[in-house]
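Novice: Here it is: the structure, laid out below.
The values are calculated or read from the model by the stated rules, or taken from the named source; none is laboratory data. Nothing here was measured: the structure is a model prediction, and the numbers come from that model. Reconstructed Cβ throughout: ideal geometry from the backbone, glycine too, with neighbour counts over all protein chains shown.
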Amino acid sequence: MHFETKFGNLLSNSVMKLNQSMSILFWLYKQKADDSGVAPIYCRITLGETRTQFSTSKKVHPDFWNSTANKVSIKCPNAAAINEDLDGIKGDLRKIFNQLTATHEAVTGEMVKNAFTGKGQEKKTVKELFDIYIAFYKQKVDQKKASYRTLQKFKTIQSKLGDFFIKEFRLSDKPLCELKASFAENFMHFLSVNEKLLKTQ
């Protein structure tokens, strides 16, 4: 496999491994209602065959819960605020999911939940991903299962990440979960045209 193809696959996998389906459902845990009848809103994450749930810390009376739309009915005085918080939770969960799929072969609902509640892994950046991959590739080189020359190319390209981020985002690094699908193509273009490091097709 040519180095350009191998490197392109690495970038694409880190950004595009987002096709694994995750379902997020909010529901009212009526069995845990307090004496006034107000019940906690729970979030259920379904990812493949794995399922987990946690409390959102939001509560509402069952009369104000829309089980069809999985949100608080507009009849509730605090509907807008609670629903906005639920949308925020859903958005954060999807960002975490995108980050985890970029750095793990398999992702479970428990992993997403733990990362959201603070029990999981910290958000990895692009440079951290390169550090992990290069360390892994070096082990293969040491075992004579990979090319030392290819390892050096990866290290050279890693050194150009900072220049690319400053040029494109005016930042030295970015979290993986904030990358767009176009990142891989744009960085490959930068390396080919600006740095003359990769062969153009």
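Novice: Yes or no: I82 closer than 30 Å to S159 by Cβ, in contact (Cβ under 8 Å) with a residue 12 or more places away in the chain, of a type outside the set (K, R) and part of a helix (DSSP H, G or I)?
Specialist: No.
Novice: Among the listed residues S57, S36, which satisfies the condition of being part of a loop (DSSP other than H, G, I, E, B), over 30 Å from G162 (Cα atoms) and at pLDDT below 95?
Specialist: Criteria check complete, one pass: S36.
Novice: Which residues, taken from the range 173-201, are of a type in the set (G, A, S) and modelled with pLDDT of 85 or more?
Specialist: S192
Novice: I'd like the residue in the range 1-33 that is more than 30 Å from Q158 (Cα to Cα) and among the aliphatic types (A, V, I, L, M) and, out of all such residues, is modelled with the lowest pLDDT.
Specialist: M22
Novice: Also, quick follow-up: Of the conditions (1) loosely packed, with under 12 Cβ neighbours inside 10 Å; (2) without any contact (Cβ under 8 Å) to a residue 12 or more places away in the chain; (3) closer than 25 Å to G48 by Cβ, T117 fails just one. Which one is it?
Specialist: Of the numbered conditions (1) loosely packed, with under 12 Cβ neighbours inside 10 Å; (2) without any contact (Cβ under 8 Å) to a residue 12 or more places away in the chain; (3) closer than 25 Å to G48 by Cβ, the odd one out for T117 is (2).
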